[in-house]
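Here the structure comes first, spelled out in structure tokens, and everything after it is commentary.
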Amino acid sequence: MSTVVWLVSLLLIAIALVLLGADAITSLERGGEVVVRSLADVWGLLDLRGMEHFKAWAHHALPSSLSQTVYSMMSVPAWGIIGVPGVVLAFLPGRKHDE
């Protein structure tokens with residue numbers, strides 16, 4: 001079980017590093033203008049209609065305070081939303097002690 005958690009955390013951290021690298025390269029291409037893509041921006045790049053459907057679902061299915069929280073989470077940098085849980089998962093299994 002700890003191996004599966006470790007592999008999932010490694011995958012999340014790798015995706016976060018790819019997103020961070022993409023932001024850095026885009027910033028360099030734009031002459032030093034800092035570019036940080038939000039989770040909504042990345043989702044929109046992958047599937048624009050999916051993001052529109054998700055926002056419509058959140059608006060209708062969730063209470064207004066919770067839907068606003070979800071909208072706020074979508075405006076956070078994508079590498080942070082994906083990387084932080086990856087780092088937390090990496091530390092959950094703990095160390096293996098050889099006896």
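All of the numbers you see were taken from the coordinates with simple rules; none came from a lab. The structure presented is a predicted model; accordingly, all values stated were derived computationally and were not measured. Ideal geometry is used to build each Cβ from the backbone, glycine not excepted, and the neighbour counts take in all protein chains shown.
Values computed for the structure shown
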read-out: Cleavage-rule hits (GluC sites (Glu not before Pro)) in the range 18-98: DSSP loop, at most 16 neighbouring Cβ within 10 angstrom; value: Glu33
read-out: Tilt relative to the chain, helix 78-91 - C-alpha long axis, 0 to 90 degrees, to 10; value: 20
read-out: Degrees, to the nearest 10: 2-29 long Cα axis against longest axis of the chain; value: 50
read-out: Furthest towards positive pole of dipole, Thr26, Leu48, Ser67, structure part the chain, Cβ charges; value: Ser67
read-out: Restricting the chain to trypsin sites (Lys or Arg not before Pro) in coil, as DSSP defines it, with at most 15 other Cβ within 10 Å; value: Arg30, Arg95, Lys96
read-out: Calculated Rg and Dmax of the chain using C-alpha coordinates, Å; value: 16.9, 55
read-out: Nearest 10 degrees, 0 to 90: helix 48-61 Cα axis against the chain principal axis; value: 90
read-out: For the chain, size of Cβ-based charge dipole, Lys and Arg +1, Asp and Glu -1, in debye; value: 160
